[in-house]
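S.K.: Quick one: the structure is below, questions incoming.
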Amino acid sequence: MRRAVIALLSAGAVALAGGGYAIGTVSHRGPAKQSAVCEQAEQEFASRADQLRKQIQAPRQLGLNESKRTTVEDARSRILAEVVQQNPTCFGAGMRGAAAVIQQHRSEGEADVAICDLAGIKAEDCLVAVG
């Protein structure tokens, strides 16, 4: 009888330990998945921010339709802001704030500052025309 109780307790302990290991493994996959999502979002953000930075800092060329350029800059800035807003756990509070300003109805000056901030351009180097 004593051997049966010991065997039963041992089997219970092994099952409990195995269950704990399985739960730990499953819960560990969450942060790894989140990390992969953030890595993808950060790469997308970096690529799009680089495109926007280049466009903003490019010299204005004569003959280029300024309203078309403004429309493209506005669209790119909104897409960049959307990447941040769709992945809030991947970006800091400052980036989330700048993205929110871009997405909301705002004054042109606020948008300019937020776009420069989000794209990583110093204010004195940023000449943005948002329509």
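The values are calculated or read from the model by the stated rules, or taken from the named source; none is laboratory data. Since this is a predicted model, take the numbers as computed values, not measurements. For neighbour counting, all protein chains shown are included, and Cβ atoms are generated from backbone atoms with ideal geometry for every residue, glycine included.
S.K.: Working only within the range 65-99, note down all residues that are of a type in the set (Gly, Ala, Ser) and in contact (Cβ under 8 Å) with a residue 60 or more places away in the chain.
M.R.: Listed by number, the list holds a single entry, 67.
S.K.: Are any of the residues in the range 87-96 under 18 Å from residue 42 (Cβ atoms) and touching a Leu at 6+ places or on another chain (Cβ under 6 Å)?
M.R.: Step one: of the range 87-96, the residues under 18 Å from residue 42 (Cβ atoms) are 87-96.
Now restrict to residues that are touching a Leu at 6+ places or on another chain (Cβ under 6 Å): none.
There is no residue in the range 87-96 that is under 18 Å from residue 42 (Cβ atoms) and touching a Leu at 6+ places or on another chain (Cβ under 6 Å).
S.K.: Which is farther than 16 Å from residue 46 by Cβ and modelled with pLDDT of 85 or more, of 69, 106, 78?
M.R.: Matching residue, one of 69, 106, 78: 78.
S.K.: Here's another thing I want to ask about it. Among what's in the range 47-66 and is assigned to a helix (DSSP H, G or I) and more than 14 Å from residue 121 (Cβ to Cβ), pick the residue that is modelled with the lowest pLDDT. Break it down stepwise before answering.
M.R.: Our first condition is that a residue be assigned to a helix (DSSP H, G or I); within the range 47-66, this holds for 47-57, 66.
From what is left, the residues that are more than 14 Å from residue 121 (Cβ to Cβ) are 47, 66.
Values: 47: 93, 66: 71.
That would be 66.
S.K.: Which pairs do you get when a residue that is closer than 11 Å to residue 118 by Cα, found in the range 37-56, comes within reach of a residue that is surrounded by 14 or more Cβ atoms within 10 Å (Cβ to Cβ) and among the acidic types (Asp, Glu), reach meaning Cβ atoms under 9 angstrom, with the pair 6+ apart or on two chains?
M.R.: 52/73
S.K.: Spot the failing condition for residue 23; the list is (1) surrounded by 12 or more Cβ atoms within 10 Å (Cβ to Cβ); (2) at pLDDT below 85; (3) over 12 Å from the mean Cα position of the chain (by Cα), and only one is missed.
M.R.: Going through the list (1) surrounded by 12 or more Cβ atoms within 10 Å (Cβ to Cβ); (2) at pLDDT below 85; (3) over 12 Å from the mean Cα position of the chain (by Cα), residue 23 breaks only (1).
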